[in-house]
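To keep things clear, I will list the structure first and then write my remarks on it.
Laboratory data are not the source of any read-out in this text; all were calculated from the coordinates shown. Being a predicted model, the structure only gives us computed values, none of them experimental. Methodologically, a virtual Cβ is constructed for each residue, glycine included, from the backbone with ideal geometry; neighbour enumeration extends over all protein chains shown.
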Amino acid sequence: MEAKEKKPLEKVCMICAKGSLEDVYATLVMANGAVMEGIETKVFFTFFGLDGITKKAMNHLHTATTGNPAMRMPGGLPFPTMLGGLPGIESAVSSMMRKQMEELDMPPVDEFLELITAGGGEIYACKLAMDMFKLELKDLSDEVSGILTIGDFYEMCDGDRTQIIFT
Amino acid sequence: MAEKTIAGKQVNVSEEGYMEDMSQWNEDVAKEIANEIGIELTDKHFEVLNYLRDKTAAGESLSIRSVGKSGVVDVKGLYKLFPKGPLKFSSKIAGIPKPTSCI
């Protein structure tokens, strides 16, 4: 039998385009995990994903309580869609989720970004989306390395053991 | 499970090389495992290793965040001591099981 040579990943480039709690955290967990494995890591936040690196929004992300069939009441009963639409529900559910995540040692977003950059991971914002939402670099977390066009980002994604992940 | 001789000592290790019995650990074993990874251990390294061993002995699971908040070392410092494997390499050298946390 031929022994297969292992070809470990050398670089991951991640794109986060959505701003819900779970989308941003999926990106952050995977990015931090890659950094901890010694993999070169670049994360590109675009469109609503920019909320994940915007100072004002990043620690108050919400999860959708309507249009989310996987949403359950505490205890596992289905979560009625009508209830999800009531004022304050989304906010309350989201803060409950953040609390549960904190218990599992998942840090708030600002601290999570610090974890990633402490290990050498790099975080970027999309220029087009920044213009669209009228944001400036000063509105973003200090952990952001810069604002890029998608062309700049692709240039960073070179190498034959590189993967691009869209979350 | 396999037996391996590290620094003249017979130890039980997992397939990935993590020690399975932390009582078989000593500083020479640590130095040899670190050597294989390419890390030369300093006093600061041992301070972290002993912290990891104490926490594991107490039954606490470790994450990079909790180690970073331990007061022993911050996250940046941990990456500096154990490049490319702040939790994995340090656990391996500390003679404790492979970390199970994703963070």
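Report the local net charge at A:Gly159: Lys and Arg +1, Asp and Glu -1, summed over other residues whose C-beta lies under 15 Å from its C-beta.
Neighbour charge sum, excluding A:Gly159 itself: -2.
Taking the longest Cα principal axis of chain B as reference, the axis of helix B:27-37 is set at about 80 degrees.
Placing unit charges on the Cβ atoms of the charged side chains and taking the dipole of chain A about its Cα centre, the candidate lying farthest along the positive direction among A:Gly85, A:Met30, A:Asn59 is A:Gly85. If you plug the beta carbon distance of B:Asn35 and B:Lys4 into 1/(1 + (r/R0)^6) with R0 = 22 Å, you get a FRET efficiency near 0.95.
When the Gaussian network model of chain A links Cα atoms closer than 10 Å, the mean-square fluctuations of A:Gly75, A:Gly88, A:Gly119 top out at A:Gly75. Using the empirical formula 2.2 N^0.38 Å as the baseline, the Cα radius of gyration of the protein assembly as shown reaches a ratio of 1.16. A convex hull fitted to the Cα coordinates of the range B:2-94 yields 90 cubic angstrom per residue.
The calculated P(r) of the range A:105-159, using every Cα pair and 10 Å bins from 0, goes 22, 45, 30, 3 in percent.
Normalised by the number of residues in chain A, the mean separation of alpha-carbon contacts (under 8 Å, six or more apart) gives a relative contact order of 34 percent. When the helices of chain A are scored as -39500 (n - 2.57) per DSSP H run of n ≥ 4 and the total is divided over every residue, the value at 222 nm lands at -10000 deg cm²/dmol. Which stretch or stretches of the range A:76-92 have amide N atoms under 13 Å from the point lying 7 Å from A:Asn59's Cα along the Cα→Cβ direction? No residues fall inside that zone.
Restricting the calculation to alpha carbons of the range A:8-141 gives Rg and Dmax of 15.9, 48 angstrom. Seen against the Cα atoms of chain A and their longest principal axis, helix A:21-36 is set at about 30 degrees.
Averaged over residues, the count of other Cβ atoms within 10 Å places the peptides B:18-25, A:37-44, A:20-27 in the sequence A:37-44, A:20-27, B:18-25, highest first.
Charge tally around A:Asp142: other residues with Cβ under 13 Å, Lys/Arg +1 each, Asp/Glu -1 each, net -3. A straight Cα-to-Cα reach below 20 Å connects A:Lys134 with the lysines A:Lys18, A:Lys55, A:Lys56, residues fewer than 8 places away in its own chain not being considered.
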